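In what follows, a single structure is set out as structure tokens and then discussed.
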Amino acid sequence: MHDDPTANSSTTASRRFPGRKAAGAGAAAVVALAVIWGATARSEPAARATAADRKPDAGESGAQAAPEGTGGGDRPDGRELTPFDTRYPAVGRLDQRLLKAVQKAARDARADGIEFRVTSGWRSKAHQQRLLDEGIQKYGSAEKARQFVNTPQKSTHVSGKAVDIGPTDADDWLIRHGSDYGLCQVYSNEMWHFELLTGPGGTCPAPLSNAAG
């Protein structure tokens, strides 16, 4: 049997230089830690990006921090909201019974090839007042503006009990099927505005002429 020359040389070296083996092990440990640290550092930005880009799941809690500029119920710039985007206050702060009804209707509408978008949902009082002020400027008087925009004190958007749905094909679907979920068109001049005004399978009341009543 032939001896392993590598083993002999390493044994001889360790005997002649007893500190070399320990030093080599220490260096190897340092290198290993550096590799692990580098891999972790490289993976952290990717992990943060993945978490930031993740779309909220259906029914996800609205308790997460809202993106900047959406706290009053504004929609985020460049993004359409669905009834499942509950991290945004416009959706997450809707009355829970209304939200569940809209989500159920959205799932069923999807089977017919219709996608719901929440064009407006819950609004803060300040947001509602801003819309009213803009309406007065647009229509020339508070009386005319009130046909389209309610006051913060009366708005069902502020209480979280109203939701505006788009696009038009989704509105049409919801006008025809909404009563199956208790959802009703409230105003004749706003085909997009829905509230829970009956029980599932009930009969919706006739729409009011406009927001002024």
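Taken together, the residues in region 115-159 that are in a helix (DSSP H, G or I) and open to solvent by 40 Å² or more (accessible area, probe 1.4 Å) amount to 14.
Scanning region 77-118 for residues that are polar (S, T, N, Q) and touching a helix residue (DSSP H, G or I) at 6+ places or on another chain (Cβ under 9 Å) yields a count of 2.
The values are calculated or read from the model by the stated rules, or taken from the named source; none is laboratory data. Computed from a prediction, not measured in an experiment: that's the story for all the values here. Quick reminder, even Gly has a Cβ in these numbers, built from the backbone with ideal geometry, and neighbours come from all protein chains shown. Surface areas here come from the heavy atoms of the whole protein model, side chains and all, with no ligands, DNA or RNA. Shrake-Rupley method; radii C 1.70, N 1.55, O 1.52, S 1.80 Å.
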